[in-house]
Each structure stands twice: as C-alpha cells, then as structure tokens.
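Novice: Sending over a structure as structure tokens; questions will come in a sec.
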Amino acid sequence: MGPIDLIRHPLIFTGITIPEFIRWYYWVQPSRILKKFFDYLRAFVEIFSFVFLVRTLFSPWRQIKDRYPKNGLNISAIAEAFTLNLVSRTIGFLFRIVTLFIGITIIVVLLIAFATFYMLWLVFPLLFWVCLSYLFTALL
C-alpha cells in the first residue's frame with residue numbers, strides 16, 4: 001500500500017468506508033444536532049419559565065401589596081392601598097410581559113439558527129460538489 005492507494009482512497013488508513021461516512025453524515029450527526037437543539041430548547045424554557053410567567057402575569061411585583069382597611073370607611077386609606085396594589089400589579093405585568101417577549105424572541109432565534117445549521121449540514125456535500133465542478137469548469 002503506497003501513496004497511489006492513498007490518492008485513490010484517502011480514508012483507507014482510518015478504516016472509515018464511504019457507506020459508514022454517509023451513515024454518520026446523514027443519520028448519526030443530524031440526530032445529534034436535533035438532540036442538542038432540544039437540549040437548548042429545554043434549557044431556555046426552564047430559564048424563562050413561560051408557564052409560571054403566564055400564570056402570575058397579573059400578580060403584584062415581588063408580592064408588594066397593601067391590605068385594605070377592615071374597620072370603618074376611610075377613603076384615603078382605601079385609595080392608598082388601591083393605588084399601591086395597582087402600581088405593583090402594573091409593574092409586575094410589565095416585567096413579566098417583557099420577559100415573555102425576550103424569551104419568545106430567543107426561542108425563535110434559536111429555532112432559526114438551528115434550522116439554518118441543520119439545512120446547511122444536509123446540503124453541504126451537494127454545495128461542495130457544485131462549487132468544485134464550477135471551479136474546474138472555470139479553470140478549464
């Protein structure tokens with residue numbers, strides 16, 4: 001086995017055959033790519049905790065709230081408690097909406113990035129051979 005054999009079949013010394021490479025490139029590695037995507041997706045869903053944010057969307061911010069007076073009709077105390085509770089719920093709502101928006105944006109960017117990478121991975125051999133043939137036709 002000499003240098004001519006290496007030129008004919010460059011993978012001969014590694015023990016990798018063409019069918020093994022095709023199976024790895026089009027079956028094993030794409031399944032790993034999808035597994036990594038779902039791992040990242042699961043991590044971001046846990047980080048942003050979408051279900052909890054939606055469930056507590058109108059809850060007071062940091063549970064800051066005031067109790068309404070129980071005895072008598074004190075209009076200023078009722079208005080004060082109502083205003084504090086309203087402001088606290090509004091701030092909580094705004095923070096949760098912004099967090100939901102950021103989380104959904106990150107998930108969409110992640111989906112687009114992984115879909116692009118996955119498609120490029122599958123199409124790369126075809127692009128490689130097309131570019132190689134274009135290069136050879138341009139040179140000749």
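The values are calculated or read from the model by the stated rules, or taken from the named source; none is laboratory data. All values reported here derive from a predicted model rather than from experimental measurement. Glycine gets a Cβ as well: all are built from the backbone with ideal geometry, and neighbour counts include every protein chain shown.
Results for (1) more than 30 Å from Asp39 (Cα to Cα); (2) touching a Leu at 6+ places or on another chain (Cβ under 7 Å); (3) among the β-branched types (Val, Ile, Thr), shown as yes or no for each residue.
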position: Arg62; (1), (2), (3): yes, no, no
position: Asp66; (1), (2), (3): yes, yes, no
position: Glu80; (1), (2), (3): yes, no, no
position: Thr83; (1), (2), (3): yes, no, yes
position: Ile104; (1), (2), (3): no, no, yes
position: Val109; (1), (2), (3): no, no, yes
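Novice: Only residues in segment 15-26 that are modelled with pLDDT under 80 count as the first member; pair them with residues that are part of a helix (DSSP H, G or I) and aromatic (Phe, Trp, Tyr), Cβ under 9 angstrom, at least 6 apart or cross-chain, and list the lot.
Specialist: That search, which allows pairs on different chains as well, returns Ile16/Trp24.
Novice: With respect to Ala115, determine if the residue is aliphatic (A, V, I, L, M) and in contact with a Pro (Cβ under 8 Å, 6 or more places away or on another chain).
Specialist: no
Novice: Just a yes or no: is a residue in segment 72-93 closer than 29 Å to Tyr40 by Cβ and aliphatic (A, V, I, L, M)?
Specialist: no
Novice: Residues being touching a helix residue (DSSP H, G or I) at 6+ places or on another chain (Cβ under 9 Å), farther than 17 Å from Ile104 by Cα and in a helix (DSSP H, G or I): count how many of those fall in segment 53-82.
Specialist: Counting residues in segment 53-82 that are touching a helix residue (DSSP H, G or I) at 6+ places or on another chain (Cβ under 9 Å), farther than 17 Å from Ile104 by Cα and in a helix (DSSP H, G or I) gives 3.
Novice: Under 9 Å between Cβ atoms, at least 6 apart or on separate chains: pull out the pairs that start in segment 71-100 with a residue that is modelled with pLDDT of 95 or more and end on any residue that is in a helix (DSSP H, G or I) and among the aliphatic types (A, V, I, L, M).
Specialist: What qualifies is Arg96/Leu53; Arg96/Val54; Ile97/Leu53; Thr99/Leu53; Leu100/Leu53; Leu100/Val54.
Novice: Against the definition (surrounded by 13 or more Cβ atoms within 10 Å (Cβ to Cβ), of a type in the set (Lys, Arg) and modelled with pLDDT under 95), how does Lys65 come out, yes or no?
Specialist: Yes.
Novice: Let me confirm something: among Phe50, Phe124, which residue is over 28 Å from Tyr25 (Cβ atoms), surrounded by 10 or more Cβ atoms within 10 Å (Cβ to Cβ) and either modelled with pLDDT under 95 or in contact with a helix residue (DSSP H, G or I) (Cβ under 7 Å, 6 or more places away or on another chain) (or both)?
Specialist: The unique qualifying residue is Phe50.
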